Structures are given as C-alpha cells and as structure tokens.
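*Asks:* Handing you a structure now.
Computed from the coordinates by the stated procedures, all read-outs in this text should not be read as laboratory data. Everything quoted here is computed from the prediction, not taken from an experiment. So basically every Cβ, Gly included, is an ideal-geometry build from the backbone, and we count neighbours across all protein chains shown.
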Amino acid sequence: MDLSIRTGKVDDALCIAALATQTFLDTYATDGVRADLAREVFALCSTSAFEAHLREPQIAFLLAVRGPHLLGFAQLHLALRNAGNTAHAGCEIVRLYVQPNQKRRGIGRALMEAAHTRSRAAGATTTWLTAWAENRRARAFYAAIGYTDVGALPYVWEDQTYENRLLIRPL
Ligand SMILES: CC(C)(COP(=O)(O)OP(=O)(O)OC[C@H]1O[C@@H](n2cnc3c(N)ncnc32)[C@H](O)[C@@H]1OP(=O)(O)O)[C@@H](O)C(=O)NCCC(=O)NCCS
C-alpha cells in the first residue's frame, strides 16, 4: 500500500499523541528518562493537547499514512509570524515527527514538501523552525532540504535551558 499525505482531523489526536510520545522520547531522552522530560512529554504530547491544536484554525496537521497506519506528521502554524527576533516572517513548522522505525525512507521529505505547499497557499514566502542543537540527524535533514541556520534561540522547560537553532528556508 502506498504512502499518502492527508490533512489531520480532531479524530486523529489519539494516534498523533502516541506517535509523538514515542518519537519525542526516542529523540530527546537519549540518556534515559528524567522527571522533567517525562512531565514535558505528557504535557505536550497528550491526546487532549493535540485535540486542542487540531481545533485551532491557524494550525494545520499533515499526516503521512499508509492504510490505517500513521507513520509521521508535520504541525504547521499558518499565521505569518517572525522567526524568533529576526526580520524573516513566514509559517512555522512547529513539529515534524517520523516514527523511529520509519526513518530514512523519504517520509520527512514528503511531509516537508506538503508543508511548503500549504505554507505557500497561506501566503508565506518563507518557512522557519527550531531544532535542538544536539539533534544532529534533524539538522542534517533540514540542511539537505534547503534550510539555513540563522542563529540560536534558547528553549526553556522548567529550570532547564536548551540551545535550539533557528532555521529558515525561502519558498
Ligand atoms: C528528522 C526527521 C524528520 C527526518 O525524517 P526522515 O523521514 O528520516 O528523512 P528522509 O528520509 O526524508 O531524509 C531526506 C534526506 O535528509 C537527509 N537525512 C535524513 N536523515 C539524516 C541523518 N540521520 N543523517 C544525515 N542526513 C539525513 C538525507 O539527505 C536524506 O536523503 P537520503 O536518505 O536520500 O540520503 C526524522 O529523523 C525524525 O522524525 N526524527 C525525530 C524527530 C525530530 O528530530 N524531529 C525534528 C525536530 S526539529
């Protein structure tokens, strides 16, 4: 069965939350699970958190599916907002998660192509996102699909500050 990309609906929140939880822990809990990370994943990746996002008119979800299976998703903010404190304005790719056992099969690229098309339709000439500085795989992926690193943008959760990189791409 072929991969297809479709728009997410509120009913998809359960599977999005499960895939996001798995991918978040695989990506960020690289030295084991700490309490702050556990609180973060349960707060940000719960079914109710995604139901709320899916109901927001300014947010779009693109799902990579094969038959009944969710393989990855992109979450976009469609309002044209400035990238951090730069003058670059465009749509933000808020999340891009491919299930760990589905990586390196072109799913991330396909989701980003769909996200770029959706962003152009929203009037954007740029897309932007942030990536954890230590997330080398993601940074290599974004460089491969045309994103440029324009600086640091710290991310704070509880008492921890993480170095995120701000990446932009003209459409
Ligand atoms: C980053 C991520 C979205 C990439 O998705 P993917 O489906 O694995 O990537 P693709 O197969 O579409 O890769 C496209 C190209 O990106 C580059 N790339 C992807 N993964 C790479 C890696 N681990 N190392 C180096 N280059 C990589 C390659 O050029 C690749 O093309 P190729 O396979 O023909 O060489 C995926 O690894 C993921 O979900 N990671 C965990 C969550 C995460 O980090 N999300 C981003 C947070 S900012």
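*Asks:* For segment 17-47, name all the residues that are part of a helix (DSSP H, G or I) and within 13 Å of the ligand (Cβ to nearest atom).
*Replies:* Within segment 17-47, Leu19, Ala20, Thr21, Gln22, Thr23, Phe24, Leu25, Asp26, Thr27, Tyr28, Val41, Leu44 qualify.
*Asks:* Related question: What number of residues within segment 64-81 satisfy the criterion of being among the small types (Gly, Ala, Ser), surrounded by fewer than 19 Cβ atoms within 10 Å (Cβ to Cβ) and assigned to a strand (DSSP E or B)? Show your work before the answer.
*Replies:* The initial filter retains those residues of segment 64-81 that are among the small types (Gly, Ala, Ser), namely 64, 67, 72, 74, 79.
Add one more test, that the residue is surrounded by fewer than 19 Cβ atoms within 10 Å (Cβ to Cβ), and what stays is 67, 79.
Imposing the further condition that a residue be assigned to a strand (DSSP E or B) reduces the set to 79.
Counting residues in segment 64-81 that are among the small types (Gly, Ala, Ser), surrounded by fewer than 19 Cβ atoms within 10 Å (Cβ to Cβ) and assigned to a strand (DSSP E or B) gives 1.
*Asks:* So, in segment 84-111, how many residues would count as being surrounded by 18 or more Cβ atoms within 10 Å (Cβ to Cβ), within 14 Å of the ligand (Cβ to nearest atom) and either in a helix (DSSP H, G or I) or touching a residue at least 60 places away in the same chain (Cβ under 8 Å) (or both)?
*Replies:* Qualifying residue count, segment 84-111: 9.
*Asks:* Another question, then. Would you check if there is a residue in segment 20-31 being of a type in the set (Gly, Ala, Ser) and within 21 Å of Ile59 (Cβ to Cβ)?
*Replies:* yes
*Asks:* Check whether at least one residue in segment 149-160 is closer than 25 Å to Leu54 by Cβ and within 10 Å of the ligand (Cβ to nearest atom), and report yes or no. Steps first, answer last, please.
*Replies:* Start the filter on segment 149-160 by keeping residues that are closer than 25 Å to Leu54 by Cβ, which leaves 155, 157.
Next cut, within 10 Å of the ligand (Cβ to nearest atom) only: none.
No: zero hits.
*Asks:* Residues in segment 120-134 that are within 16 Å of the ligand (Cβ to nearest atom) and crowded, with 17+ Cβ neighbours inside 10 Å: how many? Step through it out loud before you land on a result.
*Replies:* Step one: list which residues in segment 120-134 are within 16 Å of the ligand (Cβ to nearest atom), which gives 127-134.
From the residues that got through so far, the ones that are crowded, with 17+ Cβ neighbours inside 10 Å too are 127-131.
The total comes to 5.
*Asks:* Could you identify the single residue in Phe50, Phe61 that is assigned to a helix (DSSP H, G or I), closer than 22 Å to Ala131 by Cβ and in contact (Cβ under 8 Å) with a residue 24 or more places away in the chain? I'd like the intermediate steps shown before the answer.
*Replies:* On the way: Phe61 fails: assigned to a helix (DSSP H, G or I).
After applying the criteria, what remains is Phe50.
*Asks:* Are any residues in segment 153-162 in contact with an Asp or Glu (Cβ under 6 Å, 6 or more places away or on another chain) and either surrounded by 15 or more Cβ atoms within 10 Å (Cβ to Cβ) or among the hydrophobic types (A, V, I, L, M, F, W, C) (or both), and if so, which ones?
*Replies:* Trp157
*Asks:* Being touching a strand residue (DSSP E or B) at 6+ places or on another chain (Cβ under 7 Å), of a type in the set (A, V, I, L, M, F, W, C) and more than 22 Å from Ala87 (Cβ to Cβ) is the filter here; which residues of segment 116-171 pass it?
*Replies:* Trp132, Ala133, Ala138 - these are the residues of segment 116-171 that are touching a strand residue (DSSP E or B) at 6+ places or on another chain (Cβ under 7 Å), of a type in the set (A, V, I, L, M, F, W, C) and more than 22 Å from Ala87 (Cβ to Cβ).
*Asks:* Go through the residues of segment 135-148 one by one and say whether even a single one is farther than 21 Å from Ala49 by Cα, touching an Asp or Glu at 6+ places or on another chain (Cβ under 7 Å) and assigned to a helix (DSSP H, G or I). Give the derivation first.
*Replies:* Residues of segment 135-148 that are farther than 21 Å from Ala49 by Cα, as a first pass: 135-148.
With the extra rule that they be touching an Asp or Glu at 6+ places or on another chain (Cβ under 7 Å), the set shrinks to none.
No, the conditions are met nowhere in segment 135-148.
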